[in-house]
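Have a look at the structure below, then the notes.
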Amino acid sequence: MAKINGDLNKERERCSFNISELTILMDGGPEKTKERRERENIMISKKNFYDGIPEEYLSYKEKYEQAVKKSVIVFGLVRRLQEEGKTTIHNYRDVLANLLRASDVSTGFPLALHYIMFMPAIINQGTKEQQAQWLPRAWDCNIIGSYAQTELGHGTFIRGLETTATYDPISEEFVLNSPTLTSYKWWGGGLGQTANYSIVVAQLYTKGECHGVHSFIVQVRDEESHMPLPGIKIGDIGSKFALNGINNGFLGFDHYRIPRNQMLMKHAQVLEDGTYVKSRNSKLNYGAMVFVRVVIAFDMVNYLSKAVTIAVRYSAVRRQCQRKAGEPESQILDYLTQQHKLFPALAACYAMKITASKLWDTFNTVNEELLAGNLERLPEIHALACCLKAISTSDTASFIETCRLACGGHGYMHSSNLPSTYGNAVAACTYEGDNTVLLLQTARFLAKTWQEIENDGGKLTPTVEYLRTAKVRGYSHKWVNSVENIVYGFQVVCMRKIATCVQDMQRRVASGLTFEDAWNLSSVQLVAAAEAHCRVIILSTFSSEIRGMTETTSPELKQVLNQVVELYSVYWALERLSDLLQYTTINQKDVDSLRVWYEELLAQLRPNAVGLVDAFDLKDEMLQSTLGSYDGRAYERLMEEALKSPLNAEPVNHTFHKYLKPFLRGKL
């Protein structure tokens, strides 16, 4: 094993808490840590997963082919765990999270949507008979599925989708058709060359009437030859900003027929004669989308934790400038400006992981209620998943870019793994729902909730109960700089923002505008209200969960985790200071004290920064970074990776003799 950088050694020696204790705490117990490490070690043991030419030097076609190979390795391990009885269809999310965290395929997996959307759609929207028919084949990967909802002309506005599924009662088949160019399905992961089946979302027509969008299981390629079936137009959409191994595809239909029983009919049905049986609640189809948004929230934690680990370790190794004459150059992690860049991102990793876990628990609880026929919390979980997906992705993309910038020029190198990590994270800001539109969906739920409060409505669902409390309590007392008060301050901000939005819309409607126009004119503030609500959820969940989790931890770990909670809370209070100044009693003196508190927290966390990222337990094979390795040999690794450049395979490139030499001699 290579010698560990002296600066990193000192950082670990000065850490005040037991790193393993924190790792186990965040995993949920020693058995969870053991399971996760076993899965990750299985992945890492597949040496050919990481060998070969670095992915950034491959062509687009080669990146896809490499991604297919690696997908087979990753999901082959899922199959192995299935056979050993170590995973079932009910807990495969946790298994996948471990394996995908360990794999770090920067180009993405063309098989990912098979597990993340294809199977969840069947589970959430298929009848028991349909699940019995399709899930075993999907679970064993006898078929590979994708999910085709977004079209060339429509994305988040699902009601505007143009693909049609018209029922033919004579043959008892649905006829799928793409009537326009803009109706072609676009972006489906794995759809280009990999999948042979897909969930297709289309406008359902029976007896001449449109019943809105519904989901269908559609075979798109022959199971043996893998050739596209007659009536199917399918292919890859081309190179993208990142994730070029996912094999995003397009899909069109030319009056393509499928059997009646391939419409997912758990909630709505089409009978043999074409009679349409309406769902008891159209929002029951949100289940699959909520699931994938929970997965995205966990993905963001993985991306951000890798970026922060890389940046913090490199900042401990990198020395730059003498702060005092005659002294060695300083570790850049000692500069307050560097701490200001990195420590909020570090705190965000912990905040987002705990909030994502809470969202997952809430999703499971609500799912059980739905199965029992209780739909009360369905709008709440949908609104919650919408805003957490939006904020977790936008925050992660912003923090990762800050981490990259904090690493200077070396952070721009592909070998740092920061550009790829950023590219993967920023993609999530638009897929599975544009963030602005998702925040507006949350705002719609908040506006309805506020109207219920104004009309003295009954019991509110748990995540919005604070709106009523904030309205009754108000904010007339003196501001106090504490985590609890910051959380309450954000509750008041959200309450006041959504109240103002509702009042403005009512005023505009009263003046003669339509509701739609009034909504549009209020939309900027509605987005701000939804963001404030999400800040309330994350801040309150983070502080309350850490309070409970640290009741049985060591005093040293409790202290540092409380500091992390405080830093995260104070950071966002300062970031949203204009809102607090507008809606609470915070004054200039309070703000000055808040800034001092923030700077003190940066200093308090400084000795534990490396320990806090080490606790993420990310092995070098998972980080795939020249800058962030455990041993801190950043400069050696940068040179090792540079030598892998294809341009270094020969001392003189042929272009010198063909172009440069004639140019230099004036013979062009």
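A few notes on this one:
- Long pairs among Lys70/Lys233; Lys278/Lys497; Lys10/Lys341; Lys70/Lys661; Lys61/Lys644, criterion Cα-Cα beyond 31 Å: Lys278/Lys497; Lys70/Lys661
- Surface composition of the chain: carbon plus sulfur atoms contribute 53% of the solvent-accessible area (1.4 Å probe, protein chains only, all chains present).
- Taking the Cα atoms of the stretch 204-354, the ratio Rg/Rh between the radius of gyration and the Kirkwood radius comes to 1.25.
- Heavy-atom accessible area order for His340, His214, His477, largest first, 1.4 Å probe: His340, His477, His214
- Taking every DSSP helix (H) stretch of at least 4 residues in the chain, weighting each as -39,500 (n - 2.57) and dividing the sum by the residue count yields a mean residue ellipticity at 222 nm of -17500 deg cm²/dmol.
- The stretch 545-668 shape via C-alpha gyration tensor axes, a/c threshold 1.5: oblate
- Asp434 long-range amide H proximity, modeled H, under 5 Å: Thr156
- A quarter of the convex hull surface defined by the alpha-carbon atoms of the stretch 481-583 gives 7.0 nm² as the mean projection.
- Computed from label points 7 Å out along Cα-Cβ, the spacing between Val72 and Thr182 is 4.1 nm.
- Cys with no candidate disulfide partner in the chain (beta-carbon separation under 4.7 Å rule): Cys15, Cys141, Cys210, Cys321, Cys349, Cys386, Cys403, Cys407, Cys429, Cys494, Cys501
- For the stretch 383-492, the square roots a ≥ b ≥ c of the C-alpha gyration tensor eigenvalues yield an a/c of 1.5 or more together with a/b not exceeding b/c, which makes the shape oblate.
- From phi via Karplus (6.51, -1.76, 1.60), per-residue ³J(HN,Hα) for the stretch 394-399 in Hz, x at Gly/Pro: 5, 5, 4, 4, 5, 5
- A crude spin-label estimate for the pair Leu660 and Arg79, with each label 7 Å from Cα along the Cβ direction, gives 4.8 nm.
- Loop trypsin sites (Lys or Arg not before Pro), the stretch 375-461 (other Cβ atoms within 10 Å of the site Cβ: 13 or fewer; DSSP): Lys459
- 3J(HN,Hα) from dihedral phi, the stretch 7-20, Karplus parametrisation 6.51/-1.76/1.60, rounded to Hz, x for glycine, proline: 5, 5, 4, 5, 4, 6, 5, 8, 4, 8, 10, 7, 4, 4
- Within the chain, percent of DSSP bridges classed antiparallel, to nearest 5: 80 percent
- [x] 223; [y] 232; [z] 159, with the label sought being that of the calculated volume of the Cα convex hull per residue in Å³: [x]
- Charging the Cβ of each Asp and Glu at -1 and of each Lys and Arg at +1, and nothing else, the dipole of the chain about its Cα centre rounds to 1040 debye.
- The residues Arg606, Arg12, Arg80, sorted by heavy-atom accessible surface at 1.4 Å with ligands and nucleic acids left out, run Arg80, Arg12, Arg606 from largest to smallest.
- For the stretch 192-199, backbone phi angles converted through the Karplus equation (6.51, -1.76, 1.60; θ = phi - 60°) give residue-by-residue couplings of x, 9, 9, 6, 10, 9, 7, 6 Hz, Gly and Pro being listed as x.
- Taking all protein chains together, Leu229, Leu557 sort by accessible area into Leu229, Leu557, largest first [probe 1.4 Å].
- Extension gain for the segment Lys619 to Ser171, taken as residue separation times 0.36 nm less the Cα-Cα distance, is 155.6 nm to one decimal.
- Mean accessible surface per residue for the stretch 532-668, computed with a 1.4 Å probe while every protein chain stays in place, in Å²: 49 Å²
- The average projected area of the stretch 557-603, computed from the convex hull of its Cα atoms over all directions, is 3.3 nm².
The values are calculated or read from the model by the stated rules, or taken from the named source; none is laboratory data. Worth saying up front: this structure is predicted, and the values here are computed from it rather than measured. Because the Cβ atoms are built from the backbone with ideal geometry, glycine has one as well, and the counts that use them run over all protein chains shown. What goes into the accessible areas is simple: the full protein's heavy atoms, side chains included, and nothing from ligands, DNA or RNA. Shrake-Rupley method; radii C 1.70, N 1.55, O 1.52, S 1.80 Å.
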